[in-house]
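Each reported figure results from applying straightforward, stated rules to the coordinates on display, with no laboratory input. Nothing here was measured: the structure is a model prediction, and the numbers come from that model.
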């Protein structure tokens, strides 16, 4: 079986297992997802969802966040860790959206990458979830699982994993596939314990069934 064939079968089984998988960061506007994904670095999505509620109570839109002092933002986002750097990035990002994009998040991958605090993972998340465009989000779950499954071979660098997955994952499937990997990685193919292969929907396909 080729990797492309393996990917097709894995995608189908994960679709059946997690038909409603979606981003666990809560947002109703594109700029809010930008804020949340920056805060989610080394922090749980659940905590981010709580913290941003307080942030938006005080700063309800792009203009308000752009005008806010970095110290004011940091005071609120500190529970997410790395408060100062995250606050600085959020402030600079909102200023750029206000000043260069008329308060709109660009739907161009390269323009997204120019926003402060936005890397390939964040840009792909925005492209897929907000704009419905082909995207592959190589977060820690994705990297761990695609290596275990045998879709990539011993590659840990996010950009390199992304490059390999583009070769075998249909563009229109990428975003949902990565969300399903997150759900599967949290529940079954876990990082801190031995994978629960006895409950895994792709155990018959996985290259590393039973291996941590």
Does anyone have the angle between helix 3-17 and the longest principal axis of the chain? Alpha-carbon axes, 0 to 90°, nearest 10? 70
Only Cα pairs under 8 Å and at least 6 apart count here; give the relative contact order of the chain as a rounded whole percent. 22
Using only Cα atoms, find the angle between the long axis of helix 30-39 and the longest principal axis of the chain, and express it within 0 to 90 degrees, rounded to the nearest 10. 80
Rounded to 10°, Cα long-axis angle of helix 171-187 versus longest principal axis of the chain: 80
Highest-fluctuation residue, 46, 87, 123 considered, GNM on the chain with Cα pairs under 10 Å: 46
Kindly provide log₁₀ I(q)/I(0) values, in the same order as q = 0.23 Å⁻¹, from the Debye equation applied to equal alpha-carbon scatterers of region 132-212. -1.11
Cα extents of the chain along the principal axes, largest first, in whole Å, come to 55, 32, 28
Diffusion coefficient, µm² s⁻¹, Stokes-Einstein with Kirkwood Rh over alpha-carbon pairs of region 30-130 at 4 °C and 1.567 mPa s: 98
When the chain is modelled as a GNM with alpha-carbon springs shorter than 10 Å, which of 28, 110, 176 fluctuates the most? 28
Comparing 70, 35, 50, which has the greatest mean-square fluctuation in the GNM of the chain with Cα pairs linked when under 10 Å apart? 50
Euclidean distance of C-alpha centroids, region 131-153 and region 188-203, integer Å: 16
